[in-house]
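The structure appears right after this line, and notes come after that.
Here, each number is a calculation from the coordinates, and none is a lab measurement. Computed from a prediction, not measured in an experiment: that's the story for all the values here. When we count neighbours, we look across all protein chains shown, and the Cβ atoms used for this are built from the backbone with ideal geometry, even at glycine.
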Amino acid sequence: MAYVVDFRSDTVTKPCADMRKAMFEAEVGDDVWGDDPTVKKLEETMAKMLKKDAALFVPSGTMSNLLAILAHCQGRGEEVLLGDQSHIMLYEQGGIAQFAGVNPRTLVNKPDGTFDLQDAKSKIRMEDIHYPRTRAICIENTHNAAGGKVVPIEFIQKVRELADSHSLQVHLDGARIMNAAVAMDVTPDTIAQYCDSVSVCLSKGLGAPVGSCLVGSKEFIKRAHRHRKALGGGMRQVGILAAAGLVALEKGIPRLKTDHENAKLLAQGVIDLKCPSVTCDLAATETNMVYLMMGEGVSAKLFYLLCGTVTEGEEQELGQGIQVQLCPVSDTCLRVAIHHHITAEHIAMALKKIAYVDKLFQSGEAAKHLPKN
Ligand SMILES: Cc1ncc(COP(=O)(O)O)c(C=O)c1O
């Protein structure tokens, strides 16, 4: 049996025993009727943590972001500003255009997940019959496509100032706001204070099997609640999932520090291997993501395929087949996502496999080692 290291995403975790017990024992009721005490408890806990008035439990981060835009943009012909590398822009199927009818106006994301504030200012529309109306600015923290970087508080503060000077709302895709807070050693409300709404995922590094919360003012959540029903996101005896969310908040947040340390351990390990075909940037490894950057002429796709399969002859050479499952990002880059199932042993085994794959590249034999099917 191959040794498997699953680095594909921080969404791949399975509920721990405490979480399953809490789910089993959860008090439930029909949440569409407002009857589920565990959902209420989760929503209250989340609102309190982020020092906002209200929260809404929703099935996914994608729905949460969509609900935020629907609730911020209440008329037709409206627009939001957002990073061109943001999750909302890249990975949510254009849902804000598709379902909310909102025009996404992109700002070029810098490698740290921020964007130029002058550019943002220049893109806010003046009142003119030709233009849509700008309603909100969306930011993301940590920034997924920037490799899990922590977007600095000072930037968020400046986004708030810009938004205030043009009567705009600020929405934070805080799928991993807890990673950002842990990395900065601040409470999450320190980040959320500059935002009108925040979407928080429970099913990423925090380890719940499903669910996100959208937080904001009472009026905002009331509107989002209506939209959730229209999108088919009204769930019934969903306290069993909210119970998992409560355990995720209690047990998952303190664990994130270890994930971040493991990410650094892996990045440093890759650097120490001094492999010509792959390297890492330790300073850029701020939270639970590590980017593997391919060396000159090395195909990320081939590297990915070789890491993910037990190649011929590998068992003899390594004593055991090792599968390191990664997430492709581009032709030159692969992503590692660290989560709470990843231990120091997984990292040691992954490094062993990476060094082995590097050797295949150095011998010029890499392509020959791909499985036939
Ligand atoms: C930054 C960010 N926002 C939103 C989402 C969407 O979350 P979900 O997969 O729960 O829809 C993700 C998912 O990975 C994400 O990374």
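The table below gives the values:
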| read-out | value |
| --- | --- |
| Distance (nanometres) between label positions extended 7 Å along Cα→Cβ at Lys218 and Lys123 | 3.5 nm |
| Hits among lysines - C-alpha to C-alpha of Lys368 under 24 Å, sequence gap 8 or more where chains match | Lys274, Lys301, Lys352, Lys353, Lys359 |
| Centre separation in Å (Cα based) which lies between region 45-103 and region 124-165 | 13 Å |
| Spin-label pair Glu27/Lys158, simplified geometry with 7 Å Cα→Cβ offset, distance in nm | 4.8 nm |
| Built amide H within the under 5 Å cut-off of Asp281, gap 5+ | Tyr291 |
| Cut-off of 10 Å, at most 15 other beta carbons, DSSP loop: longest stretch of the chain lacking such GluC sites (Glu not before Pro) | 128-295 |
| Table column - 3J(HN,Hα) (Hz), region 88-104, Karplus curve with 6.51, -1.76, 1.60, x for Gly and Pro | 4, 6, 8, 10, 10, 6, x, x, 5, 7, 4, 10, 9, x, 9, 7, x |
| Rg(Cα) / (2.2 N^0.38 Å) computed for region 239-373, rounded to two decimals | 1.16 |
| Antiparallel DSSP beta bridges within the chain, as percent of all bridges there, nearest 5 | 50 percent |
| Alpha-carbon spread of region 210-281, three principal axes, descending order, Å | 55, 24, 22 |
| Candidate lysines for bridging to Lys48, where Cα separation is under 29 Å - those fewer than 8 sequence places away on the same chain excluded | Lys14, Lys21, Lys40, Lys149, Lys158, Lys204, Lys218, Lys222, Lys229, Lys251, Lys257 |
| Extent along principal axes [Cα atoms of region 154-231; Å; largest to smallest] | 38, 34, 15 |
| Table column - 3J(HN,Hα) (Hz), region 356-363, Karplus curve with 6.51, -1.76, 1.60, x for Gly and Pro | 5, 5, 4, 4, 4, 5, 5, 7 |
| Antiparallel bridge percentage (DSSP; both residues within region 1-160; nearest 5) | 15 percent |
| Residue of Gln316, Gln325, Gln74 that the Gaussian network model of the chain assigns the largest fluctuation, springs spanning Cα pairs under 10 Å | Gln316 |
| Size descriptor, Kirkwood hydrodynamic radius, that averages inverse alpha-carbon separations across the chain, Å | 21.7 Å |
| Table column - 3J(HN,Hα) (Hz), region 277-293, Karplus curve with 6.51, -1.76, 1.60, x for Gly and Pro | 8, 8, 8, 9, 10, 5, 5, 7, 8, 9, 9, 9, 10, 10, 9, 8, 9 |
| Amide proton proximity set for Cys73, modelled H, under 5 Å, gap of 5+ | none |
| Under 5 Å, built H, 5+ apart or other chain: amide partners of Val4 | Gln323 |
| Gain in span if fully extended, Ala344 to Val186, counting 0.36 nm per residue against the direct Cα distance | 54.3 nm |
| FRET efficiency for Leu90 and Ala230, using Cβ-Cβ distance with R0 set to 35 Å, rounded to 0.05 | 0.90 |
| Simple label model, 7 Å out from Cα along Cβ direction - Thr332 to Glu365, nm | 2.9 nm |
| Gyration tensor over alpha-carbon atoms, region 22-139, equivalent ellipsoid semi-axes in Å | 33, 17, 13 |
| Candidates Leu249, Leu90, Leu162, ranked by Gaussian network fluctuation over the chain, Cα under 10 Å, top entry | Leu90 |
